[in-house]
2 protein chains.
Amino acid sequence: MIEADEAIRLGLLSQAIGYQLRRAQLAVFEDFARRFAALDLSPAQFSALVAIRENPARRQSEIAAALGVQGPNFVALMDGLERRGLAERLRSGADRRANALQLTPAGATLLKRAEATQATQEAAIRDLIGETEHRRLVETLERLSQL
Amino acid sequence: MIEADEAIRLGLLSQAIGYQLRRAQLAVFEDFARRFAALDLSPAQFSALVAIRENPARRQSEIAAALGVQGPNFVALMDGLERRGLAERLRSGADRRANALQLTPAGATLLKRAEATQATQEAAIRDLIGETEHRRLVETLERLSQL
């Protein structure tokens, strides 16, 4: 807590995209964690469940690459989802990265609930910044991802 | 690497601010890491050096709060900067969070170089998204940080 009268000065940080991106991302992820606590899903797990459902029979390594997740991290993430009975690998040999992925019925059901929760967050963000700015922000962030 | 012909579908993630923020933030931080490798500074260390210089004699706990860094994490960060001789605590007693902070001459010199490096990143971002969008993005991210 800031107890002094005068605000702390951020200097050039206030106009630095890297700093502002990180602050906004942390705020949105903290809000996500509050909303998703009952479902026990992290942002990375939620993204993986969506991508698995949207891409039936695609290889684990392809999905990891599309999500920008390092191979070993995605293997660990899939191990967790498999242990919880939410997703499974269709074994294709010794290389676990080559396996195709699919949701279990339990995973599909949980994802439906998670999507409803995610929609409430997106609505809260639209309320905060407006519909036009929401669309514009998505486009700008996609371009920044190419930096 | 995606080897199949068809792109992986991201479904609702492509319009989700949380997902897009994280992808953009990682891209900007990876770019930062490449640019700052020679200076051996992380984004958090850079932010701390800026905030310490801009706020002479303010308490460590105030600066940590303004940067959105948890107390213990900021203490560890300051320990690292102090070990490298870049910043120091003006001891005010047993509670290290109550100490005022200042840059050493070496820290001030390194920060000057770091600011020049940071300016090259900001210029690259302006080239990518345009000056108007850069300004607008800063405003939108500041509002999102209030979520």
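What follows draws every value from the coordinates through simple rules; no lab data is involved. Quick caveat: nothing in here was measured; it's all calculated off a predicted structure. Please note: Cβ atoms are built from the backbone with ideal geometry, for glycine as well, and neighbour counts cover all protein chains shown.
Against the empirical 2.2 N^0.38 Å scaling, what ratio does the C-alpha Rg of the protein assembly as shown come to? The partial results should precede the final answer.
Details: Rg = 21.3 Å, N = 294, 2.2 N^0.38 = 19.1 Å.
In units of the globular-protein estimate, the protein assembly as shown measures up at 1.12.
Okay, helix-only estimate at 222 nm for chain A: each DSSP H run of n ≥ 4 adds -39500 (n - 2.57), divide by all residues, round to 500 deg cm²/dmol; what do you get?
Working: 6 runs with 92 residues, N = 147.
So the helix-based figure for chain A works out to -20500 deg cm²/dmol.
Take chain A, compute every pairwise Cα distance, and split them into 5 Å bins from 0; I just need the percent in each bin.
Over chain A, the share of Cα pairs per 5 Å bin runs 2, 8, 15, 17, 17, 14, 12, 8, 4, 3, 1, 1, 0 percent.
Helix B:71-83 versus the longest principal axis of chain B: what is the Cα-based angle in degrees, 0 to 90, to the nearest 10?
The angle comes out at about 70 degrees.
Under the √(5λ) rule applied to the eigenvalues of the Cα gyration tensor, what semi-axes describe the equivalent ellipsoid of the range A:1-74? Give them in Å, descending.
Numbers: eigenvalues 252, 57, 14 Å².
Square roots of five times the eigenvalues give 35, 17, 8 Å.
Under 10 Å, Cα contacts only: if you run a Gaussian network model on chain B, which one of B:S61, B:S42, B:S14 comes out with the highest mean-square fluctuation?
Evaluated over chain B, the most mobile residue of the options is B:S14.
Considering chain B as a Gaussian network with a 10 Å cut-off on Cα pairs, which listed residue, B:A108, B:A48, B:A24, attains the greatest mean-square fluctuation?
B:A24
Where in chain A is the longest stretch that carries no GluC sites (Glu not before Pro) classed as loop by DSSP and with at most 10 other Cβ atoms within 10 Å? Don't jump to the answer; show the numbers that get you there.
Details: sites that count: A:E3, A:E6.
Of all site-free stretches, the longest is A:7-147.
Specify, for chain A, the residue whose C-beta is closest to the rotation axis mapping it onto chain B, with the distance given in whole Å.
Looking at chain A's Cβ atoms against the axis toward B, the nearest is A:Q25, 2.
Under a no-solvent Debye model with one identical scatterer per Cα of the range A:33-100, what's log10 I(q)/I(0) at q = 0.22, 0.23, 0.28 Å⁻¹?
Values, matching the q order: -0.93, -1.01, -1.44.
Shape verdict for the range A:79-147, please, from the Cα gyration tensor: rounded (a/c under 1.5), prolate (a/b greater than b/c) or oblate.
Working: a/c = 4.52, a/b = 1.75, b/c = 2.58.
Taking the square roots of the gyration eigenvalues as a ≥ b ≥ c, the range A:79-147 is oblate.
For helix A:17-36, what angle does its Cα long axis make with the longest principal axis of chain A, in degrees from 0 to 90 and rounded to 10?
Approximately 60 degrees, to the nearest ten.
Would you mind telling me which residue in A:L13, A:L111, A:L81 has the biggest mean-square fluctuation in a Gaussian network model of chain A, where springs connect alpha carbons within a distance under 10 angstrom?
Among A:L13, A:L111, A:L81, the largest mean-square fluctuation in the Gaussian network model of chain A belongs to A:L13.
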